Amino acid sequence: MPLHRTPRTGPEPRTLALLAGAGLAAGAAVWAVSRSRENPVVFRPNDDAPDRASRHPGGTMPVGRTITINRPRSELFAFWRDFSNLPQFMESVEHVTVVGDVSRWTLAAPFGRKVTLETRIVEEVPDRLIAWRSTDGSDVRAEGAVTFRDAPAGRGTEVEAVVAYVPAGGEAGRLIARLFRLVPAMQGRRELRRFKMLMEAGEIATSRNRKD
Amino acid sequence: MRALTWHGKHDVRVETHPDPEIVNPRDAIIEVTATAICGSDLHLYDGVIPGLMSGDILGHEFMGRVVETGPKSTLKKGQRVVVPFTISCGKCFFCEHQLFSACDNSNTAEKQDLSEPLYGHAVSGLFGYSHLTGGYPGGQAEYVRVPYSDVGPIVIPDGLEDEQVLFLSDILPTGWMAAENAGIEEGDTVAVWGCGPVGLFAIQSALLMGAGKVIAIDEYPKRLALARKLGAEGIDFRRTKVLEALMEMSGGLGPDAVIDAVGMEAHGFMPDTLMDNMKQRVGIGADSAHALREAILAVRKGGRVSVPGVYGGFLDKFPLGALMEKGLTVKTGQTHVQRYTEELLRRIGEGEIDTTFLISHRLPLEEAARGYENFRFNQNEWTKVVLKPGMTGA
Ligand SMILES: NC(=O)c1ccc[n+]([C@@H]2O[C@H](COP(=O)([O-])OP(=O)(O)OC[C@H]3O[C@@H](n4cnc5c(N)ncnc54)[C@H](O)[C@@H]3O)[C@@H](O)[C@H]2O)c1
Ligand SMILES: [Zn+2]
Ligand SMILES: [Zn+2]
């Protein structure tokens, strides 16, 4: 299921245009329909809010958050698109290596373990969208998208990050579940806040009095 | 370094902590020369503000000398500065709109999670306050790490004493913003609840802004006397029925604007106060808001309600009907200190504003705990306490 748009009956023309390129719009529509059959209570054609704000969260519900950052869209996109920048504000990401179109993410898991997430970009619209999905060989199955939209009234950029993890079986799966199912919403909003701090204030706020 | 440390309700001690160092590029380290105890510190001392942890360093009114600067600080070593209690990045939407106490970036990413569910939005960082506001080590200490030192601190010219400018950090701009929020028009009658430092500066500011009559309400003779010396008329709420008196003293109209400079721990034996206090004691986040309720009832129709007094939780028996039916306007907030420091420094320099009249006691930092105890329990005599790390014991 694509995450970078909210399934609904009347998406904005701009969003549709973005999606059409990768042929994902059809997928989104299918998802919306199948969901509406599963649970008719959830499907409210006159509700424009993202699904993650639903009162009836389902099992596969992605987590995500939108934040407004007082910087131009292109600057934010460029910083994010250079994945080696991400560990600066994503605490659980230790480092990222990019080989061709595949990125390998080393993530800190509980008890000092490490897990590897391997992803491929499935869609990219410069200055607007980066959508990715885990490769078949990844420890972790996940997909996500970051969208950059102009904020109204010259307030900068609305950055929306959405991610969904599918826990695998086995020990790694359990670890990942702990890491990502219990805390993903919290982790996500903290990472977005740090991204905003870094881009707006040039540094990440801390109340620590010393470096150690 | 030595610093005043919170350990629980009515338990504060001066202890030794590691010296702060530069952590972020925009930081500076200040060696504190003067710091004060604020009415807001009393809410922490009384344990009615949520989110404190044993070992926290308190204090948010402070000034001193710059002793170290990060690579992106614009301060220079040796400069004398007053530091606003609000920590503000200067770059976010709110800072750009001069809403410095609403800064998006100064609270930490993790601690923003504490206030978001409580208030609907994460609040900004403050020095020496709660972990809801970032848990930043405060200024009742020998040294303070000051984030965003290129935006907050104001450099003090030679020739002005510490005591003349120290209150630029909080209560002077707070009193000023309280009067500004009251939307005073020439000749207005303004009633001010509380003749503590904030109330006194609100009275002074209201008169400067053109109020025709200011009526001050408190119970302590010495505090009422300071208010009357500024030019206010007094009401002792232990002796007088406040609502009736205010109507009589404003020609039956009610004050045009009212200012609640009391906050969440109103005194008195009014039935609502007793109930509020009981709930506050069992820790269900209830505010004691007698002054605010009374102010809303007292103000004239279409009047303005300004609330510099601090509230932290929830409130019932709130006269919402009066607010709506009389068509009132309410303005409140932690003070946007950086918005006012420059203008107020100028007014101090020109002799237009005296800030020292309310200081009753000066103590070495080592005796800070005694300062808290007396500022809390001997309010009549102890109107404002200034602590000086360099001062030797009395
Ligand atoms: N908005 C801000 O940014 C800001 C900044 C500083 C202080 N404050 C708040 O302002 C308030 C006052 O601060 P302060 O330093 O003057 O404190 P303070 O404790 O010295 O003064 C409070 C005064 O209110 C009086 N009072 C109590 N109950 C009363 C009642 N029912 N009616 C009338 N008066 C009553 C007390 O006798 C006392 O003199 C506190 O809540 C403080 O937290 C807010
Ligand atoms: Zn204060
Ligand atoms: Zn800011």
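The values are calculated or read from the model by the stated rules, or taken from the named source; none is laboratory data. Everything numeric in this text was worked out from a predicted model, so none of it was measured. Note that we place each Cβ from the backbone using ideal geometry, even for glycine, and neighbour counts take in every protein chain shown.
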Checking B:300, B:339, B:347 in turn, the sole residue that is basic (Lys, Arg), within 16 Å of ligand 1 (Cβ to nearest atom) and more than 14 Å from chain A (Cβ to nearest Cβ) turns out to be B:339
Quick check on segment B:100-122: of everything there that is within 25 Å of residue B:315 (Cα to Cα) and either within 16 Å of the chain's Cα centre (by Cα) or within 7 Å of another protein chain (Cβ to nearest Cβ) (or both), which residue is nearest to ligand 2 (Cβ to nearest atom)? B:101
Go through segment B:61-99 residue by residue and tally those that are away from chain A (no Cβ under 13 Å) and either in a helix (DSSP H, G or I) or small (Gly, Ala, Ser) (or both). 2
For segment B:234-249, check the following and say yes or no: at least one residue is of a type in the set (S, T, N, Q) and under 30 Å from residue B:344 (Cα atoms). no
Based on what the data block shows, is residue B:179 over 16 Å from residue B:332 (Cβ atoms), modelled with pLDDT of 95 or more and buried (at least 24 other Cβ atoms within 10 Å of the Cβ)? no
Output yes when any residue across segment B:354-374 is more than 12 Å from ligand 1 (Cβ to nearest atom) and among the hydroxyl-bearing types (Ser, Thr, Tyr), and no when none is. yes
It is to be established whether one or more residues within segment B:164-175 are more than 16 Å from ligand 1 (Cβ to nearest atom), modelled with pLDDT of 95 or more and among the hydroxyl-bearing types (Ser, Thr, Tyr). no
Going by what's in this entry, would residue B:187 be described as free of Cβ contacts under 8 Å to residues at least 40 places away in the same chain, more than 14 Å from chain A (Cβ to nearest Cβ) and either at positive phi or buried (at least 24 other Cβ atoms within 10 Å of the Cβ) (or both)? yes
Please go through (1) within 14 Å of chain A (Cβ to nearest Cβ); (2) within 15 Å of ligand 2 (Cβ to nearest atom); (3) of a type in the set (Gly, Ala, Ser) for residue B:169 and return the number of the only condition it doesn't satisfy. (1)
Checking residue B:243 against (1) surrounded by fewer than 23 Cβ atoms within 10 Å (Cβ to Cβ); (2) touching a strand residue (DSSP E or B) at 6+ places or on another chain (Cβ under 9 Å); (3) of a type in the set (A, V, I, L, M), only one condition comes out false. Which one? (2)
Would you please list the contacts, defined by Cβ atoms under 6 Å and residues six or more apart or on different chains, that run from a residue in segment B:85-108 that is over 13 Å from residue B:121 (Cα atoms) to a residue that is among the basic types (Lys, Arg)? B:93/A:155; B:98/B:339
Filtering segment B:294-316 down to residues that are modelled with pLDDT of 95 or more and under 26 Å from residue B:41 (Cα atoms) yields B:294, B:295, B:296, B:305, B:306, B:307, B:308, B:309
Within segment B:29-46, is even one residue within 16 Å of ligand 2 (Cβ to nearest atom), among the hydroxyl-bearing types (Ser, Thr, Tyr), more than 25 Å from residue B:149 (Cα to Cα) and within 17 Å of the chain's Cα centre (by Cα)? yes
Going by what's in this entry, would residue B:374 be described as surrounded by fewer than 19 Cβ atoms within 10 Å (Cβ to Cβ), of a type in the set (S, T, N, Q) and not in a loop (DSSP other than H, G, I, E, B)? yes
Among (1) away from ligand 2 (no atom under 12 Å from the Cβ); (2) within 14 Å of chain A (Cβ to nearest Cβ), residue B:7 falls short only on (2)
Filtering segment B:104-122 down to residues that are among the hydroxyl-bearing types (Ser, Thr, Tyr) and within 16 Å of ligand 3 (Cβ to nearest atom) yields B:106, B:108, B:115
Wholly within segment A:47-120, which strands (runs of 3 or more DSSP E) include no fewer than the required count, namely at least 3 residues that are touching a residue at least 12 places away in the same chain (Cβ under 8 Å) and within 14 Å of another protein chain (Cβ to nearest Cβ)? A:63-69
